[in-house]
1. Leaving ligands, DNA and RNA out of it, report the carbon-plus-sulfur percent of the accessible area of the chain at a 1.4 Å probe.
2. Express the accessible area of the chain per residue in Å², computed with a 1.4 Å probe while the remaining protein chains stay in the model.
3. Quick one: ranking 209, 12, 185, 83 by accessible area, 1.4 Å probe, largest first, what do you get?
4. Calculate the dipole size of the stretch 87-135 relative to its Cα centre from +1 charges on Lys and Arg beta carbons and -1 charges on Asp and Glu beta carbons; express the result in debye to the nearest 20.
5. Go through the stretch 189-240 and name the chymotrypsin sites (Phe, Trp or Tyr not before Pro) that are in a DSSP coil and have 13 or fewer other Cβ atoms within 10 Å of their Cβ.
6. I want to verify the translational diffusion coefficient of the chain in µm²/s; compute it with Stokes-Einstein, Rh as the Kirkwood radius over Cα pairs, at 37 °C and 0.692 mPa s.
7. Scan around residue 174 for amide H atoms under 5 Å from its own, H built in the peptide plane at 1.01 Å from N, and keep only partners 5 or more places away or cross-chain.
8. By DSSP, what percent of the beta bridges with both residues in the chain are antiparallel, rounded to the nearest 5?
Amino acid sequence: MVDDHLNDDRQRLILVTGASGAGLSTALDILEDSGINAVDNLPLAMIDTLVALEVETGRRSLAMGLDARTTGFSAETTETLVRNLRKKFGDRFTTVFITASHDDLLRRFNATRRQHPLHDGAMSLADAISADLDRMEKVAPLADLHIDTSGAKPSDLRQALLSKLGMADDFQVNVRLISFSYRRRIPDHSDLVIDMRFADNPYWVTELRSFDGRDEPVAAFLQADEAASSVVSSLKGILAEMLPRMTREGRPLMTIAFGCTGGRHRSVWAVETVAAWLAAEGYDVESTHRELEATR
């Protein structure tokens with residue numbers, strides 16, 4: 001019987017387990033991007049305390065990763081844990097089992113050069129994977145949902161996981177736009193840098209110098225520059241192709257930096273123009289004008 005005091009809301013508890021290298025960490029990232037707190041590789045003895053704090057007291061949904069790395073892990077302890085959590089939380093508790101073929105797992109560990117939890121001097125990587133898969137066969141029947149990631153991409157896992165959990169995949173990549181001056185360094189972590197110094201410079205027009213790229217006189221001046229308008233229009237076309245694909249692949253953020261000489265006119269106008277278009281397309285946009293904010 002489910003505890004009565006847990007019946008007043010619908011927070012969820014999700015246990016993600018399975019073979020090392022099959023995609024457990026990716027699954028937890030997906031759930032975290034969907035608004036569920038995620039914890040990986042917590043010692044088994046601490047799980048009850050975490051659940052009590054996060055789910056029962058904090059009333060927050062929680063996803064936990066459990067695999068060969070977990071201190072205290074075994075098929076028997078996992079069975080006891082699953083039984084107790086299912087009794088307490090009922091249909092709000094879900095166990096997800098993720099696996100992949102031996103060949104896929106071997107290929108992944110060789111490609112990433114990561115250490116398998118069971119791989120040591122006494123056992124080859126292939127044997128470690130086999131031992132892990134054998135042990136996980138005893139855990140698999142405990143799961144409510146099963147996902148095989150053999151030959152799958154992260155986007156495939158995302159679709160399968162959220163679909164099986166009955167969660168809407170309303171994820172969308174966020175776009176961060178930054179204007180900057182080349183007199184200072186290019187902003188860190190920029191995915192795409194657009195050099196706007198080719199455009200006509202409003203700074204050399206006396207009546208425009210005191211304005212910035214957010215002001216209508218400067219915007220009108222730059223919109224009349226066919227080259228500047230053409231480049232911004234082309235960028236919109238590129239983003240129209242890129243962003244839906246990035247959304248499907250679950251990429252959380254894209255940062256685009258626009259630079260010009262002073263960071264006040266051309267780069268600011270480009271950020272404002274692209275931001276308005278992205279917002280109209282339904283994307284979450286964050287705009288930062290580095291040099292303008294530095295002079296406040």
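The values are calculated or read from the model by the stated rules, or taken from the named source; none is laboratory data. Remember, predicted model here, so these are calculated numbers, not experimental data. All Cβ positions, glycine included, derive from the backbone under ideal geometry; neighbour counts span all protein chains shown. Heads up: the accessible areas ignore ligands, DNA and RNA and are worked out on the full protein's heavy atoms, side chains in. Shrake-Rupley method; radii C 1.70, N 1.55, O 1.52, S 1.80 Å.
1. Numbers: 7390 of 15100 Å².
Ligands and nucleic acids excluded, carbon and sulfur reach 49 percent.
2. Details: 15100 Å² over 296 residues.
Spelled out: the 1.4 Å probe surface of the chain, per residue, equals 51 Å².
3. On the way: 209 95, 12 60, 185 150, 83 130 Å².
Correct descending sequence by accessible area is 185, 83, 209, 12.
4. Working: 8 positive and 7 negative charges, 72 e Å.
Magnitude of the dipole: close to 340 debye.
5. 198
6. Numbers: Rh = 22.5 Å.
Diffusion coefficient, whole number: 146 µm²/s.
7. 253, 254
8. Working: 1 of 37 bridges.
About 5 percent, rounded to the nearest 5.
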